1. Sort through ASP52, ASP58 and tell me the only one that's touching a residue at least 60 places away in the same chain (Cβ under 8 Å) and not polar (S, T, N, Q).
2. Among the candidates ILE116, ILE126, ILE107, single out the residue that is without any contact (Cβ under 8 Å) to a residue 40 or more places away in the chain and either within 30 Å of HIS171 (Cα to Cα) or acidic (Asp, Glu) (or both).
3. Which is among the aliphatic types (A, V, I, L, M) and more than 10 Å from the chain's Cα centre (by Cα), of ILE73, ILE126, ILE84?
4. Among (1) aromatic (Phe, Trp, Tyr); (2) at pLDDT 95 or above; (3) in contact with a strand residue (DSSP E or B) (Cβ under 7 Å, 6 or more places away or on another chain); (4) in a loop (DSSP other than H, G, I, E, B), where does TYR118 come up short?
5. Is there a residue being surrounded by fewer than 20 Cβ atoms within 10 Å (Cβ to Cβ), among the small types (Gly, Ala, Ser) and in a loop (DSSP other than H, G, I, E, B) anywhere in the range 92-115?
6. Residues that are within 20 Å of ASP10 (Cβ to Cβ) and modelled with pLDDT under 95: does the range 37-48 have at least one?
7. Test GLY62 against the criterion of being modelled with pLDDT under 95, surrounded by 13 or more Cβ atoms within 10 Å (Cβ to Cβ) and small (Gly, Ala, Ser), and give yes or no.
8. Which strands (runs of 3 or more DSSP E) sit wholly inside the range 121-179 and have at least 1 residues that are surrounded by fewer than 15 Cβ atoms within 10 Å (Cβ to Cβ)?
Amino acid sequence: MIQLIKKLRDLYLVHIKYRSYNIKSGFHAGARVRLWAPHQLQIGKSFYIGRDSFIETDCVIGDYVLIANRVGIIGKYDHNYQEIGTPIRLAESIRDKNYSWKGKNVITYIGNDVWIGYGAIIMGGIQIGEGSIIAAGSIVTKNVDPYSIYAGNPAKKIRDRFETAEDLKLHKYKLIKSY
């Protein structure tokens, strides 16, 4: 019965609440997830986003992506903090129709087969390469190489995802057969 309720909730999210976004099959969102993009949000197949996570920027997400709980994918320039004579709280923000400052056309890209760990923050405009892992609590401010593991604040590459080039080649081969 619980599985049926989860499936019905996911269908409601995809077809009603988030119908203006391009979301493929296999979408699942935990409790209190919020999705918002000013222009574009594309989510590939078999996508999971954990509870209390947010996407609040234009974003293109690949297939088989796993986003843990409390992850934030956020814009860099959501408020015009350089608006002269206006407190930041009252300055124009990216949600305003006439927003004309930085960040308006910034898109975040997350490749296929990516895992973003608990509490990570991904800044807008970043590209996370296919097959990568972002460790829990990391803050990603720069692009991430494919099939790499990044950790820290700011996130830095700590190692390759696979031990050997042969393991990576076999993984890619098996993925192609499963798509």
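The values are calculated or read from the model by the stated rules, or taken from the named source; none is laboratory data. Because the structure is a prediction, the values reported are computed rather than measured. For neighbour counting, all protein chains shown are included, and Cβ atoms are generated from backbone atoms with ideal geometry for every residue, glycine included.
1. Working: ASP52 fails: touching a residue at least 60 places away in the same chain (Cβ under 8 Å).
Sole residue among the options that is touching a residue at least 60 places away in the same chain (Cβ under 8 Å) and not polar (S, T, N, Q): ASP58.
2. Details: ILE116 fails: without any contact (Cβ under 8 Å) to a residue 40 or more places away in the chain; ILE107 fails: without any contact (Cβ under 8 Å) to a residue 40 or more places away in the chain.
The unique qualifying residue is ILE126.
3. Values: ILE73 fails: more than 10 Å from the chain's Cα centre (by Cα); ILE126 fails: more than 10 Å from the chain's Cα centre (by Cα).
From the options ILE73, ILE126, ILE84, the qualifying one is ILE84.
4. The number of the failed condition is (3).
5. yes
6. Narrowing the range 37-48 to residues within 20 Å of ASP10 (Cβ to Cβ): 37, 41-48.
From what's left, modelled with pLDDT under 95: 37.
Within the range 37-48 (the criterion being within 20 Å of ASP10 (Cβ to Cβ) and modelled with pLDDT under 95), the answer is yes, since at least one residue qualifies.
7. On the way: modelled with pLDDT under 95: no; surrounded by 13 or more Cβ atoms within 10 Å (Cβ to Cβ): yes; small (Gly, Ala, Ser): yes.
No.
8. Values: elements: 121-123, 148-152, 155-160.
The qualifying strands (runs of 3 or more DSSP E) are 148-152, 155-160.
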